[in-house]
Every structure is written in C-alpha cells, then in structure tokens.
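Engineer: My questions all concern the structure below.
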Amino acid sequence: MYFKRVRITGAGNVGIGATAPAVKLAVNGNGTDVYSTDAWIENNMHVQGNEVLSQGGRGRLRVGSAWGYSGIYTDVSSTSQANDLVLGASSGLVRVGNDGAGQNLKVSGLEGTGNRIVYADPNGILRTTSKNVAYLQHRLIVNHDNSNVGWRVVGPASTNMEVRTGDVIAVTISLKFRWTGGSGGDHPFFGIRINNGTCGTDIVDAIHHGTADDYPRGQWQTVAYQYVWVATCDGTVNFNVICDNNTDADDNSQYQDIVLVATRH
C-alpha cells in the first residue's frame with residue numbers, strides 16, 4: 001500500500017520517505033534491522049520533554065550525532081535557553097559499558113600527559129589536577145649581598161602545582177653555592193618554601209647543610225635535598241628554593257644551576 005510518501009509493506013512495516021522499509025517504522029530511509037530494531041530514523045531525531053526546565057523552556061534532546069561522533073546532545077530549549085544534560089537510572093547507578101567490557105570514559109578538556117587526579121569541586125563538578133610535575137630551573141648566577149640577611153627566595157622564579165588535601169608531593173632541590181665575600185666561618189641554611197594562602201603560612205623545611213669547613217670561600221659547592229610534603233589544602237601552591245646565609249653582615253654569596261622538581265605520588 002502506498003499513499004504518496006507513506007509506504008506500508010505486506011509485513012506491516014511503515015515507511016515515511018522510504019520505499020522499502022526494513023523495520024516496523026522507517027523515516028527518510030529504508031533502514032536495516034540492527035540488534036532487533038523496530039524504528040529507524042535516517043537523520044538526527046529530536047525529543048521534546050514535557051516538563052519546563054529549571055533553566056527555562058522545554059528540553060530538546062538530539063539523538064544521532066554531534067562533533068563527528070554518534071551521541072546525544074541537549075540543544076537549546078523551546079525558549080532558546082542553554083540547559084544541562086542529565087543522566088540517571090532507577091537503580092541509582094549509571095554505567096559506562098558492561099562489566100569487564102573495557103570501555104573508557106573520555107572527557108574533553110581533561111586531556112593531559114601522565115596520570116592526573118580527578119576530584120569533585122564544591123559544586124559537584126568533576127575536575128582534574130592540572131599537572132603531576134612542577135619544574136623550576138635557573139642556570140644563571142644569582143648574587144645576594146650582605147644587606148639581605150635572613151630567609152629569602154633564591155632565584156627570580158617559582159613553579160606551581162594544583163593540589164588536593166592529602167596529596168603526597170616529593171620536592172627535590174639542587175643548586176651550587178659559594179661565599180664571595182666576608183671572612184667568617186659561617187654555614188648556610190637551605191630550604192623549600194611552599195606557599196598558598198589557603199594553606200595558611202609558608203611551609204619552610206630548613207636544611208642545615210654541613211658546617212663552616214664545608215664551604216671554603218670562593219669555591220662552588222653542590223647542594224641536593226628532597227622533602228616530602230602532604231598537602232593540607234586545596235588549590236594552587238607555589239614552590240621556591242630559599243636560603244638563609246646565617247651570617248654576619250659582611251658576607252656575600254652566589255647561587256647557580258638552581259633546580260626544583262615537585263612530583264605528585
């Protein structure tokens with residue numbers, strides 16, 4: 001039976017814009033029976049919900065394709081409002097693939113090298129840490145004169161990492177140090193400064209490196225140290241190499257080949 005653009009086959013299949021519908025309902029194409037198919041829509045299908053959305057209008061769900069892939073997409077509502085897509089299940093469990101099926105979930109915007117921690121922000125939105133390794137390097141010589149006694153940052157730069165409470169961060173520093181003035185038998189203190197307002201005051205791990213005899217005047221000495229920090233805050237923290245010459249006001253010093261590497265474990 002054929003009524004203009006509607007076709008009903010002897011098997012009872014109905015085609016709209018289809019000359020030989022292969023399934024119970026075929027629209028704009030004959031379709032094919034894939035995994036017990038009853039309805040075939042040749043192009044995208046839109047379903048408008050019966051409820052008024054909290055964001056305005058009635059929802060319109062596109063089923064078919066988006067961005068070059070098969071999928072579902074919530075288009076603007078009947079009142080042209082952007083709205084969210086909600087997935088739910090009566091069991092309370094939403095699955096990605098079958099058990100043991102080896103399906104992966106990829107979220108655009110969360111790409112990055114290495115394993116990164118996924119967490120929920122205060123609004124319940126899943127986010128990832130920005131990176132697992134923070135790196136600082138300064139090869140040029142840095143001078144500190146005798147007018148700047150006490151703890152201070154060595155080098156002009158810092159590096160940072162986004163952390164969550166409980167993250168274990170191993171921070172390794174290495175640098176070269178030498179006295180360039182003065183006459184005392186002093187020894188320097190080296191440290192790592194981890195700074196973020198959310199965490200409170202600076203975290204300083206002081207390193208008493210050697211004695212005065214280990215630092216002859218004018219000779220470069222290599223310093224290397226690792227400190228393990230367990231994050232006490234959520235947010236972005238800054239890492240610096242710091243030093244206190246522990247000196248009288250007649251001592252000058254230089255630093256070179258400063259390297260700091262912070263690694264999340």
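Engineer: Mind checking which residues of segment 3-39 are assigned to a loop (DSSP other than H, G, I, E, B) and of a type in the set (D, E, K, R)?
Structural biologist: Lys4, Arg5, Lys24, Asp33, Asp38
Engineer: Residue under question is Arg5, and the condition is that it be in contact with a Gly (Cβ under 7 Å, 6 or more places away or on another chain), modelled with pLDDT under 90 and not hydroxyl-bearing (Ser, Thr, Tyr); does it hold?
Structural biologist: Values: in contact with a Gly (Cβ under 7 Å, 6 or more places away or on another chain): yes; modelled with pLDDT under 90: yes; not hydroxyl-bearing (Ser, Thr, Tyr): yes.
Yes: the conditions hold for Arg5.
Engineer: Return the residue satisfying two criteria in turn: it lies in segment 40-78 and is assigned to a loop (DSSP other than H, G, I, E, B) and in contact with a strand residue (DSSP E or B) (Cβ under 8 Å, 6 or more places away or on another chain), and of such residues it is nearest to Arg5 (Cα to Cα).
Structural biologist: Residues of segment 40-78 assigned to a loop (DSSP other than H, G, I, E, B): 42-44, 53-57, 67-68, 76-78.
Cutting the leftovers down to in contact with a strand residue (DSSP E or B) (Cβ under 8 Å, 6 or more places away or on another chain) gives us 42-44, 53, 76-78.
Values: Glu42: 15, Asn43: 17, Asn44: 19, Leu53: 36, Val76: 31, Ser77: 30, Ser78: 29 Å.
Ranking the qualifying residues of segment 40-78, first place goes to Glu42.
Engineer: So in segment 77-128, with the set limited to residues that are charged (D, E, K, R) and surrounded by 10 or more Cβ atoms within 10 Å (Cβ to Cβ), which one is modelled with the highest pLDDT?
Structural biologist: Arg95
Engineer: When Arg58 is evaluated against the numbered criteria (1) surrounded by 14 or more Cβ atoms within 10 Å (Cβ to Cβ); (2) under 30 Å from Gly235 (Cβ atoms), which criterion, by number, is the only one it fails?
Structural biologist: (2)
The values are calculated or read from the model by the stated rules, or taken from the named source; none is laboratory data. Worth saying up front: this structure is predicted, and the values here are computed from it rather than measured. Cβ atoms come from the backbone with ideal geometry, glycine included; neighbour counts cover every protein chain shown.
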